[in-house]
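Working notes for the structure below.
The values are calculated or read from the model by the stated rules, or taken from the named source; none is laboratory data. Quantities reported herein were computed from a predicted structural model and do not represent experimental measurements. Cβ: placed from backbone, ideal geometry, glycine included. Neighbour counts: every protein chain shown.
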Amino acid sequence: MNASVISKIIVILCALCLIAGILNIDKHEAYLDEGSQKQNKNIITNSNKVAVIELNGAIASSAESSFFSADANAAGMLKSLKLAKEDKDVKGIILKINSPGGTVAMSQNIYNQIIKIRENKPVISVLDDVAASGGYYIASASDRIVAQEGTLTGSIGVIFSFMDYHNLLINKLDVNQVVIKSGKFKDIGSSTRQMTEEERKLMKDIVDDSYSQFLDAIRIGRIARNDSYEAQKTPLSEETLTSYADGRVFTGRQAQKLGFVDVTGDIDTAKTMIESMIKQKFNSSLPVKLINYNKKNTFSEYLSGITEYNSKSNIKLTDLIPTSVILSRKPLYLWE
């Protein structure tokens, strides 16, 4: 196949993808800008829409996203939550979480948005393969948590990692770094020298404070719940929280018995629960309609699948590096 034919195929695929995106604007309202969405709020009236918002992968303030992939990273979830909060036709939200966690601040951004939404609309989190550490942190903000019996969750804790290769530089490569700094802690966490005990204590204080914030978030999100929803609620005690918040992971079934999860099940379980909660909250008997809020059109997904198939044999270096190394020098709500 010559270059001319290949170029024509690429142009045709791009044109089809663009058309598919245009045709799917109404179907995927989360990708409208806020101004346009407000103008179109009355298109669907008296509707019990339930926004299904997905989170896949590590939680960070920025992540790779493209026209050919579902915008289901942390930034995409946060954006979709804000849009769903303002959409009057959205009466409830289901979060599908498949994440080992990630950065503290981004986890808190999403958590805080869910807490705000919960005041006016019911929110249910559905835990997938893994919803640990920051993934569980986010889920704890919802009214109810549903997990598969085999889901891995928990890992309540904080990790703060630094690379130290000063021995390699000095002993093997005979390389020394010269640092001029304004204060003794300005290069704290440097990879080119050993960390001092004083510096280690400062870092440990950050970890401990972040851990305390994690526990407080669970207390607010789960222990202090006082809603009147009839949907099944498994209580979590302060004693259980402090006893098991040591970084360990649970299966969904273990988590349900302890109170970290309300019920074992799947998206259908969550749909039944949120339908009941919406009926109670809004006194509405209309059936609910699930809307994928942060998922791009299926044609784009199809093209993305082709791209993934053609390049699946190419392993990226980042696939072999632990997430804690990629996100090093940051306190993390992460399990790996």
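Odds and ends about this structure:
- Top-ranked residue in the range 166-218 [being touching a helix residue (DSSP H, G or I) at 6+ places or on another chain (Cβ under 7 Å) and aromatic (Phe, Trp, Tyr); ranked as modelled with the lowest pLDDT]: 185
- Consider the range 105-131 and keep the residues that are assigned to a strand (DSSP E or B) and of a type in the set (A, V, I, L, M, F, W, C). The one that is surrounded by the most Cβ atoms within 10 Å (Cβ to Cβ) is 131.
- Note on the range 132-150: residues that are of a type outside the set (S, T, N, Q) and assigned to a loop (DSSP other than H, G, I, E, B) total 4.
- Pick from the range 182-231, criterion assigned to a loop (DSSP other than H, G, I, E, B) and in contact with a Phe, Trp or Tyr (Cβ under 6 Å, 6 or more places away or on another chain), ranking: nearest to residue 153 (Cα to Cα): 189
- If the condition is being surrounded by fewer than 21 Cβ atoms within 10 Å (Cβ to Cβ), touching a helix residue (DSSP H, G or I) at 6+ places or on another chain (Cβ under 7 Å), of a type in the set (Gly, Ala, Ser) and modelled with pLDDT of 90 or more, then the range 47-83 contributes only 60.
- Scanning the range 76-107 for residues that are among the polar types (S, T, N, Q) and in contact with a Gly (Cβ under 9 Å, 6 or more places away or on another chain) yields 98, 99, 103, 107.
- Scan of the range 133-189 for residues that are over 30 Å from residue 270 (Cα atoms) and among the basic types (Lys, Arg), ordered by number: 172, 181, 184, 186
- Looking only at the range 232-254, and only at residues there that are among the hydroxyl-bearing types (Ser, Thr, Tyr) and assigned to a loop (DSSP other than H, G, I, E, B), the one that is surrounded by the most Cβ atoms within 10 Å (Cβ to Cβ): 234
- Among the candidates 157, 102, 135, the residue that is touching a residue at least 60 places away in the same chain (Cβ under 8 Å), closer than 28 Å to residue 256 by Cβ, touching a Ser or Thr at 6+ places or on another chain (Cβ under 8 Å) and surrounded by fewer than 22 Cβ atoms within 10 Å (Cβ to Cβ) is uniquely 157.
- Cβ-Cβ under 8 Å pairs, at least 6 apart or on other chains, the range 325-336 side under 7 Å from residue 101 (Cβ atoms) and surrounded by 15 or more Cβ atoms within 10 Å (Cβ to Cβ), far side modelled with pLDDT under 80 and small (Gly, Ala, Ser): 332/324; 334/324
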